[in-house]
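Engineer: Got a structure here, written out as structure tokens. Questions coming.
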Amino acid sequence: MTFDEAVYEYLKTVPRGKVVTYGMIACAIGHPRAARQVGNALHRNPTPVVVPCHRVVNREGRLAPAFAFGGMDVQARLLRSEGVEVSDGSVDMAKYCWDGHTCPL
């Protein structure tokens, strides 16, 4: 499985109404220092409806200013449609962060 495929497969496991960070994905797929590469993989996502890249935020809960599939407003709309509260371009990580990942720190 390629790096991109691992990112997409992991992201498909993130439930509706939850978010993860680029770093969390990198850790979960065994590449803890590859958060930037996760972002690059998401920009190449061939199936954005199947692979919910809108559920990925930065470590502070901020949305992606350059969300590849329509910009930050689209990402916010998609998250809100899943029940995630978005305020000033960010989400409350304490409330919406999915803890189903594994990351040996």
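Engineer: What about A6, is it part of a helix (DSSP H, G or I) and buried (at least 21 other Cβ atoms within 10 Å of the Cβ)?
Structural biologist: Numbers: part of a helix (DSSP H, G or I): yes; buried (at least 21 other Cβ atoms within 10 Å of the Cβ): no.
The answer is no for A6.
Engineer: Can I ask one more? Kindly indicate the residue of region 49-61 that is exposed (fewer than 15 other Cβ atoms within 10 Å of the Cβ) and not β-branched (V, I, T) and also nearest to T21 (Cα to Cα) among those meeting that condition. Walk me through it before giving the result.
Structural biologist: Applying the first criterion (exposed (fewer than 15 other Cβ atoms within 10 Å of the Cβ)) to region 49-61 yields 49-50, 59-60.
In the following step, the residues that additionally are not β-branched (V, I, T) were identified as 59-60.
Working: R59: 5, E60: 9 Å.
Taking the candidates together, the pick is R59.
Engineer: Can I ask one more? How many residues does region 15-46 hold that are small (G, A, S) and either out of contact with any strand residue (DSSP E or B) (no Cβ under 9 Å at 6 or more places or on another chain) or assigned to a loop (DSSP other than H, G, I, E, B) (or both)?
Structural biologist: Looking only at region 15-46, we keep the residues that are small (G, A, S), and these are 17, 23, 26, 28, 30, 34-35, 39, 41.
Okay, now just the ones that are also either out of contact with any strand residue (DSSP E or B) (no Cβ under 9 Å at 6 or more places or on another chain) or assigned to a loop (DSSP other than H, G, I, E, B) (or both), so 17, 23, 26, 30, 34, 41.
Matching residues across region 15-46 total 6.
Engineer: Could you tell me how many of the residues in region 47-77 are out of contact with any strand residue (DSSP E or B) (no Cβ under 8 Å at 6 or more places or on another chain) and either among the acidic types (D, E) or within 18 Å of V7 (Cβ to Cβ) (or both)? Spell out how you get there, then give the answer.
Structural biologist: At the first step, the residues of region 47-77 found to be out of contact with any strand residue (DSSP E or B) (no Cβ under 8 Å at 6 or more places or on another chain) are 47-54, 65-77.
The next check asks that each one be either among the acidic types (D, E) or within 18 Å of V7 (Cβ to Cβ) (or both); those that pass are 47-54, 66-69, 73, 75.
Final tally of qualifying residues: 14.
Engineer: Looking only at region 62-93, which residues are closer than 19 Å to M24 by Cβ and buried (at least 19 other Cβ atoms within 10 Å of the Cβ)?
Structural biologist: L63, A64, F67, Q75, L78, L79, V84, V86, V91
Engineer: Further question: Please go through region 24-55 and pick out each residue that is in contact (Cβ under 8 Å) with a residue 40 or more places away in the chain and small (G, A, S).
Structural biologist: A28
Engineer: Here is a further query. Restricted to region 16-40, and to residues that are of a type in the set (G, A, S) and within 11 Å of the chain's Cα centre (by Cα), which residue is surrounded by the most Cβ atoms within 10 Å (Cβ to Cβ)? Full working, then the answer.
Structural biologist: Taking region 16-40 first, the residues of a type in the set (G, A, S) are 17, 23, 26, 28, 30, 34-35, 39.
Right, trim to within 11 Å of the chain's Cα centre (by Cα) and you get 23, 26, 35, 39.
Values: G23: 18, A26: 24, A35: 17, G39: 19.
Ranking the candidates gives A26 first.
Only the coordinates and a few stated rules stand behind these numbers; no lab work does. From a predicted model like this one, the values you see are computed outputs, not experimental measurements. Neighbour counts are summed over all protein chains in view; Cβ atoms, including those assigned to glycine, are modelled from backbone coordinates with ideal geometry.
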